[in-house]
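Encoded as structure tokens, the structure appears first; notes follow it.
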């Protein structure tokens, strides 16, 4: 398996991990509990806090995973793998992990830096665009 496919797999596993995080937080919410989550989930209260942010994190990751997967798979099919694609794949994963961490924790700023979650998102987007450009240069 190429390095880039390994990074794609790690992103898919990250995506699979989100429901564990946000459903755990949801089960701890007043009026929910683990038993109610194992049922039909009728008449459950709205998700709040980390449970709500977790759903949005998961959705955002899915929205970014699809184009990233397409780019990686096309690159693999046409045999494009170089230091740029490796760096972009690494940067994408790192930025997505940071984005998820900031989102789940509710962190919007670090000392002296506003919008850290958005910055992580744009880094992952930029890495996808640079990766895709490598396909046109092949």
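Rule-based calculations on the coordinates, nothing more; no lab input. Since this is a predicted model, take the numbers as computed values, not measurements. As a convention, Cβ positions derive from the backbone with ideal geometry for all residues, glycine included, and neighbour counts pool all protein chains shown.
When the Gaussian network model of the chain links Cα atoms closer than 10 Å, the mean-square fluctuations of 73, 62, 44 top out at 44. Sorting the segments 21-34, 91-104 by their residues' average number of neighbouring beta-carbon atoms within 10 angstrom, most packed first, yields 91-104, 21-34. Note: region 64-119, Cα convex hull, 75 Å³ per residue. Seen against the Cα atoms of the chain and their longest principal axis, helix 50-78 is set at about 20 degrees.
Rounded to the nearest 10 degrees, the angle from helix 83-105 to the longest Cα principal axis of the chain is 10 degrees. Once the Cα atoms are used to define both axes, helix 3-27 deviates from the longest principal axis of the chain by about 10 degrees.
The smallest convex shape that holds all Cα atoms of the chain, its convex hull, gives 117 Å³ per residue.
Among 127, 48, 81, the residue with the largest mean-square fluctuation in a Gaussian network model of the chain, with springs joining Cα atoms closer than 10 Å, is 48. Of the residues 45, 19, 67, the one that moves most in a GNM of the chain with alpha-carbon contacts below 10 Å is 45. The ranking of 123, 7, 113, 70 from fewest to most other beta carbons within 10 Å of each one's beta carbon is 113, 70, 123, 7. Each label point was placed 7 Å from the Cα along the Cα-to-Cβ direction; for residue 74 and residue 35 their separation is 5.2 nm.
Shown here: region 26-72, whose C-alpha atoms stretch 43, 21, 14 Å along the first, second and third principal axes, sorted largest to smallest. For residue 136 and residue 43, a Förster radius of 35 Å and the Cβ-Cβ distance give a FRET efficiency of 0.10, rounded to the nearest 0.05.
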